[in-house]
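See below for the structure under consideration.
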Amino acid sequence: MCYKFLLLILLPALAYGNVKIKIKGTKNITDASVQFSGKEKAIISEEERQAFQLDDESLKRASKIFSGKRCTDVFLKRPTPWVDVYRKFGWKEIKRTLKPVQARIIGINVKPVAIATAEYKNNQAAYTVKHKAAVKQTVEETVTHTWNISKELTIGKDFSYTIDFGKGNTGGKISLSHTSKWGNDTTKERKITIGTKSSVEVPPGDVVLATLVATQVTMEIEVEYEVTVAGHVFCNYQNGYRGHQWWAYPLWLLQKDGSLPTLVKSSERISIGFYTNMRIEFSDLETGAVVKTVDAQIIKVLDFDKN
């Protein structure tokens, strides 16, 4: 039987993107922290022009406010008519840059769970029986990403996510890594088998209950991203302007004078869940008294993207 626990995971393996989110912790789960790094750059798409209101009319209007004369045509990237002005004059095409700017843990829930049980009986009346005990169970962990973004953004890159709680926890190292595409609401799953082998002595006529228990941690994380654009806007003046037909204006100046948005924000909610402090508790079935505790561990992993 496979028990399914919502392992509410953040935090994007395959080909790693330039943006990385890492959740680090210690033996004390509440000391966890979120680290982020990297940025993703690309030539602006037509959809992203809409997000920043960089349509032709808005840019032409801004060119008049900035220079005093309205241009005839505007271009933000290759290809351009006439010649490749961006290459010829060393102008920079408009690029979109996305980067994480803030990450925080907004909630942690920790609870003990019983994953599996087994009974060991001694039907003898006169002497203690020693049983070999092996308890294991497969559970399912789920990683969930939920996004709040502008529909016009077209990042489409894999982000890297790592959860690392080191070796300080009972039950071994807790480490998960996977990738997920930016902006896609996704759920990823992996199966892990938890357990161990041991032995237990059962007194005459008694029954010992072996319970595989663990601490289930669910963690909610929020990551905020900012998207900006920069480069040169190629303005063509059909009848010339101040002795030249072609001009390159820094985009930020046109944004300023045209009152155009300079920043688009988005956010990601990551739900993380994992197991730690895994162990088998042997207890007297009748009284409930614990007679022995043995550490358990993850003995098999079918990782993300391999199910």
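The values are calculated or read from the model by the stated rules, or taken from the named source; none is laboratory data. Keep in mind the model is a prediction, meaning the values are calculated, not measured. We place every Cβ from the backbone using ideal geometry, glycine too, and count neighbours over all the protein chains shown.
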Original post:
How about the range 248-280: which of its residues are surrounded by fewer than 18 Cβ atoms within 10 Å (Cβ to Cβ) and in a strand (DSSP E or B)?
Top reply: Ala248, Pro250, Lys265, Ser267, Arg269
Original post:
Only one of these conditions is not met by Glu93: (1) over 31 Å from the mean Cα position of the chain (by Cα); (2) at pLDDT 95 or above. Which number is it?
Top reply: (1)
Original post:
Which residue out of Thr211, Thr215, Thr293, Thr228 is under 23 Å from Gly183 (Cα atoms) and of a type outside the set (Gly, Ala, Ser)?
Top reply: Thr228
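Can you pull out every residue in the range 215-231 that is within 20 Å of Tyr249 (Cα to Cα) and surrounded by fewer than 21 Cβ atoms within 10 Å (Cβ to Cβ)? It would help to see each step written out before you state the result.
Initially, the range 215-231 is screened for residues within 20 Å of Tyr249 (Cα to Cα), giving 228-231.
Within the range 215-231, Thr228, Ala230, Gly231 qualify.
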**OP:** Taking the options Thr146, Thr128, Thr142, name whichever one is within 33 Å of the chain's Cα centre (by Cα), surrounded by fewer than 17 Cβ atoms within 10 Å (Cβ to Cβ) and modelled with pLDDT under 95.
**Re:** Thr146
Original post:
Would you pick out the residues in the range 281-293 that are surrounded by 15 or more Cβ atoms within 10 Å (Cβ to Cβ) and among the charged types (D, E, K, R)?
Top reply: Glu281, Asp284, Lys292
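To keep it simple, each residue is scored yes or no on (1) at pLDDT 95 or above; (2) in a strand (DSSP E or B); (3) within 30 Å of Ile44 (Cβ to Cβ).
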residue: Glu201; (1), (2), (3): no, yes, no
residue: Val208; (1), (2), (3): yes, yes, no
residue: Ala214; (1), (2), (3): no, yes, no
residue: Tyr225; (1), (2), (3): no, yes, yes
Subject >> Of the criteria (1) part of a strand (DSSP E or B); (2) at pLDDT 95 or above; (3) not small (Gly, Ala, Ser), which one Thr80 fails >> reply: (1)
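Would you check which residues across the range 182-199 are assigned to a strand (DSSP E or B), surrounded by 16 or more Cβ atoms within 10 Å (Cβ to Cβ) and within 12 Å of the chain's Cα centre (by Cα) and list them?
Here is the first cut: in the range 182-199, the residues assigned to a strand (DSSP E or B) are 186-199.
From the residues that got through so far, the ones that are surrounded by 16 or more Cβ atoms within 10 Å (Cβ to Cβ) too are 188-192, 194-196, 198.
Selection gives Lys188 alone.
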